[in-house]
1. Between A165, A334, M361, whose Cα lies farthest towards the positive end of the dipole of the chain when Lys and Arg beta carbons carry +1 and Asp and Glu beta carbons carry -1, centred on the Cα centre?
2. If I stretch the segment between S67 and I539 completely, what's the gain in nm (0.36 nm per residue apart, minus their alpha carbon distance), one decimal?
3. Do you know the relative contact order of the chain, to the nearest whole percent, from alpha carbon pairs under 8 angstrom that are 6+ apart?
4. Take the alpha carbon gyration tensor of the stretch 7-79, find the square roots of its eigenvalues, order them as a ≥ b ≥ c, and report rounded if a/c is under 1.5; if not, report prolate when a/b exceeds b/c, else oblate.
5. Which value at 222 nm does the chain reach when only helices count, each DSSP H run of 4 or more adding -39,500 (n - 2.57), with the total divided by all residues and rounded to the nearest 500 deg cm²/dmol?
6. Keeping every protein chain present and rolling a 1.4 Å probe, give me the accessible area per residue for the chain in Å².
7. Sort 18-31, 73-86, 591-604, 186-199 by packing, meaning the average of other beta carbons within 10 Å per residue, with the highest value first.
8. Calculate what fraction, in whole %, of the accessible area of the stretch 300-386 sits on carbon and sulfur atoms when a 1.4 Å probe is rolled over the protein chains.
Amino acid sequence: MSALLLGLVLLPFGSAALSLLVGHRAEVAVKGLSVGASGLGLVLAGVVAVPQLGDAAATGQVYASTSAAGPPIELSMYVDQLSAVMLLLAHTVSFLVQVYSLGYLAADPRYPSYTALVALFTGAMTVVVTADDLWLLLVGWELMGACSYFLIAHHWELPEAREGAVKAFLMTRTADLGLLFAIILLGIRFDSYRISTIMAAISDGGFVRDELWLPAMLLGAAVIGKSAQFPLHTWLPDAMPGPTPISALIHAATMVAAGVFLVARTYPLFLSAPAALNLLAGVAALTMLLGALYALLSEDLKRVLAWSTVSQLAYMFGALAVGAYSAGILHLLAHGAFKALLFLAAGSVVHAVGSTSMSSMGGLREKLPDTFITMTVGFGALAGIAPLVGFFTKDAVIGASLDAATAGRLIWPWLAWVLFASTVLTALVTVAYCLRAWLRVFFGQVASSAEPAPTSEPAPPAEPVDEDQQPPVLVTEVHESPWAMRGPLYLLAVPTTVGGLAVAYPHLLLGSEREHHLLHPELAVVMTLLIASAAAVTIWAGRRSTGRATRRPFVPHPPVDRIYEVGLVRPVRRLALLVRAGDRDVIDAYAVGAGASARGLGWVLRLSQNGNVQGYLMVVVVGAAALAVAAGVMA
């Protein structure tokens, strides 16, 4: 098993290296390699992960260790129930994304580098979920950030793509400082960087309440940035210029899911520090509602789904904050299935109409029947419609927040009530924006306008183009996607439809040690009635606005971005201008002045070099006489 685990980690990196090595010389081979390696990775993930599900004991392996001063840094892997389900999720979505990309980016001139980065991304996530050493986890964590930068900027000729990539990189890297400092503090405190050792020591007790609040808070800051929670939530919607398959991978199985995973992986630390749980609960309560409202106002289909990811990740953090570990992880898995389905279905729509703006869509249910069916299932799961998987996992999260509010466990009771109210209200707003987007895309009519609708991502090329061709050739004829794109949609629709069984039998995945009372029939009935009411109001409001052409922007500019601009970006830019001026006018002026002085002195000395030997001899005689006189005076 240790050899299989090491092979699972190394396989994506080997695939990426081969893809870059082959490059454009054999693009068919590159495509076969990308799909074959990701398929083999999925098989290896199944072989490694399935035996670890349920009540199986966790397995660990140390492959190498340092002997430097201080706690050893180890190349150690660890697979338990949490790592197992995350491995299955990440490699399943990665494989489907590679297959989907065969159709979506068939004519893309940068396909070899694209597929290599996807493989690196998958490998980095594998390192994160299997690492048992904090420094090894940090390596995978940072490698994911670097891959996301390049993938978001895949269409680097577009200013929006470059700006979105830089924003994502800077905001997540800033938050990652929290993880770095937390690793240092935990290593000093426990004389070890091994995660399993540290968590076992914390679980055994002996720590005063909130004694470990600082490393828990630092980890909380890192996951807030990585999972796009308030106030670092604005980078995720701005990452939409990247290819849609990458959006599915980032939003469903890697990157943003890594933040939730890290909290669950270090859960004993957070349970020992209620201050950190209060932080997570407060951030989650605000972020989930804020993200849902932005999704409701957005006119861009991909940004609707991006804001919904921000909102649904907050659901997971809320569940973990109130102690509902199983509910949070099951919602993470459910979200991975239906959000990957929604993004890939959105890519099918973009492939058909050539734009991500919903004002360019309408009446597509007959032209895109397979996309319509699968995306309807995805929207239903996101909205929490029974009996789809989202209904059961959301019910579990909302029920857990209600239990925390009434029982007063872990977090402040008033904060638990705020979290519960936010989960209910967010669920209703989620129904509204899901139904609105569904009606705008597949029903109604295309809004008439003289100007082209803005789009967050350029449509994929209809035929091969050169890299220097700007912009890519847009698709103008509405048509259904090829089966390389439709096949993954139907495969993802299966767990989205029947995945609710995992909530009824969570011990089959997470073991019998976790809480299992996840279903709340009374709450489910109330939520069903509220959801039906929200749907009715949305349909009524939609009929009143039918036929009205809208030219609203993608989404109102988030106020927090304005705060960053005024309070951080502009001062740093002015300071940079000041530093540049000082370098130019002071340091460079000193260096230039020193050089000019040396040249001037050389010019003066050159005047004495006239080639007259008698003059040279006279200088020597006068100099010698002067030295003699000076010596006599001193004597």
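1. Positive-most Cα among the choices belongs to M361.
2. Details: separation 472, 0.36 × 472 = 169.92 nm, distance 6.58 nm.
Gain in length upon complete extension: 163.3 nm.
3. Values: 1065 pairs, mean separation 92.6, N = 635.
Across the chain, relative contact order equals 15 percent.
4. On the way: a/c = 6.15, a/b = 1.50, b/c = 4.09.
Verdict is oblate for the stretch 7-79.
5. Details: 25 runs with 433 residues, N = 635.
-23000 deg cm²/dmol, from helical runs alone.
6. Details: 26390 Å² over 635 residues.
Result: 42 Å² per residue.
7. Details: 18-31: 15.3, 73-86: 22.5, 591-604: 9.6, 186-199: 18.5.
Ranking the peptides 18-31, 73-86, 591-604, 186-199 by packing returns 73-86, 186-199, 18-31, 591-604.
8. Working: 650 of 1140 Å².
The computed percentage sits at 57.
The values are calculated or read from the model by the stated rules, or taken from the named source; none is laboratory data. Predicted, not measured: the structure shown is a model, and the values here were computed from it. Virtual Cβ from ideal backbone geometry, glycine too; neighbours counted across all protein chains shown. Remember, those area values only see protein heavy atoms, side chains included, never the ligands or the DNA or RNA. Shrake-Rupley method; radii C 1.70, N 1.55, O 1.52, S 1.80 Å.
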